[in-house]
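S.K.: Here's a structure for you.
The values are calculated or read from the model by the stated rules, or taken from the named source; none is laboratory data. Here the structure is a predicted model, which is why all the values come from computation and not from measurement. Cβ placement follows ideal geometry from the backbone for every residue including glycine, while neighbour counts extend to all protein chains displayed. Areas reflect the complete protein model, heavy atoms only, side chains present, ligands, DNA and RNA absent. Shrake-Rupley method; radii C 1.70, N 1.55, O 1.52, S 1.80 Å.
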Amino acid sequence: MVHDFVLIHKKGSGLECLAEADQSRSGWSLWKTCLRQIAFGHSGLQLPGDIEAEVYTGEAAYSFCLEVVCGLKSPLAGETEVMGQFREHIAGFQGPPAIKKLLETVLADAKAIRHKHLTKLGSQSYGSLSRKLLQEYRELHVLGAGQLTEELLPWLSDKETVFVYGRSPEKRKKLESEFSHVRVRALTDEYGQEANRAAALVIAAPMKAEEIRRWVAGRGFGTVLDLRGESRHDPLTGISQVVSLKDFYQSLESHQAQVKEKVDAARSEIERVSREKTRLAELRPFGWDDLCA
């Protein structure tokens, strides 16, 4: 199956035509992140001829997918949010069972590679720098209740008051059970009334800038830390004291030597694992279950 694996990648959007309502019939499975779209399929499917996108097959497709899931294609190398998004994609997978099995194998390999080479790299980078940038504030508001927020909160435990706003009831409930000191609310509640210039805002959810501006309207914050991947092409204009993701990355330059060493080791491991998967497929062309075990 690795030989037949096909991956189509496009930054931004443009692959929606590959995702029909019933993806088990279309053959393609479309995964969307904040920065890219990836379609998973096999060599028997017709490739779109009018879309400008990168196409990977076989070992190259497996390797590229691993790099993305490990966070090596993200602006902040080694971040973990994309792995959580990939896990959610698999959980709701509607495409061919064989492709799902392959993606589950990718996830298992990515976990092993992260544990060996990239453990804590993403969360420490986000968390430690966020704490440094927001150290003067005793009150904090966080938009988003996902994995990035989970990683940030332990680093911000010194705050007197932390409000978290999220859409998903399940994620809000999870945060409430794990962080008893955090006040968790629905995004549509009477949010932000407590906010003032003595408070800071962290944006840790893939929200549109216009939606954030409406949320912030009339509620001043001393600093707004915008951690959205979309901030590059959808900046928060009209709001003062914004620290964008670009600014955030520039503050991390002193750590780049250590990051590069770990990323290089992870990429070498990815190449080795992808070669091994291909070799096993050649030795056992009909042993799909063994290959994914």
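S.K.: Can you tell me which residue among Ser128, Ser180, Ser168, Ser123 is at pLDDT below 85 and closer than 19 Å to Arg87 by Cβ?
M.R.: One residue alone meets the criteria, Ser123.
Conditions (1) at pLDDT below 80; (2) surrounded by 12 or more Cβ atoms within 10 Å (Cβ to Cβ); (3) polar (S, T, N, Q), marked per residue:
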| residue | (1), (2), (3) |
| --- | --- |
| Lys246 | yes, yes, no |
| Gln250 | yes, no, yes |
| Ala257 | yes, no, no |
| Lys260 | no, no, no |
| Glu269 | no, yes, no |
| Arg275 | no, yes, no |
| Trp288 | yes, yes, no |
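S.K.: Could you grab me the full set of residues in region 205-244 that are buried (at least 20 other Cβ atoms within 10 Å of the Cβ) and of a type in the set (S, T, N, Q)?
M.R.: Selection gives Ser231 alone.
S.K.: Within region 142-150, does at least one residue satisfy the condition of being in a strand (DSSP E or B), open to solvent by less than 10 Å² (accessible area, probe 1.4 Å) and more than 25 Å from Thr278 (Cβ to Cβ)?
M.R.: So far as region 142-150 goes, yes, one or more of its residues are in a strand (DSSP E or B), open to solvent by less than 10 Å² (accessible area, probe 1.4 Å) and more than 25 Å from Thr278 (Cβ to Cβ).
S.K.: Hey, Ala112 hits all of (1) open to solvent by less than 30 Å² (accessible area, probe 1.4 Å); (2) in contact with a helix residue (DSSP H, G or I) (Cβ under 9 Å, 6 or more places away or on another chain); (3) of a type in the set (A, V, I, L, M, F, W, C) but one; which does it fall short on?
M.R.: (1) is the only condition that Ala112 fails.
S.K.: Quickly run through region 162-187 and pick out the residues that are open to solvent by less than 90 Å² (accessible area, probe 1.4 Å), without any contact (Cβ under 8 Å) to a residue 40 or more places away in the chain and assigned to a loop (DSSP other than H, G, I, E, B).
M.R.: Ser168, Phe179, His181
S.K.: Answer with yes or no whether Glu59 is within 30 Å of Asp247 (Cβ to Cβ), at pLDDT 90 or above and of a type in the set (Asp, Glu).
M.R.: Against the criterion (within 30 Å of Asp247 (Cβ to Cβ), at pLDDT 90 or above and of a type in the set (Asp, Glu)), Glu59 does not qualify.
S.K.: Follow-up question, since we're still on this one. Considering only residues that are more than 16 Å from Val106 (Cα to Cα) and either touching a residue at least 40 places away in the same chain (Cβ under 8 Å) or in a strand (DSSP E or B) (or both), look in region 44-63 and name the one that is most open to solvent (accessible area, probe 1.4 Å).
M.R.: Selected residue: Glu52.
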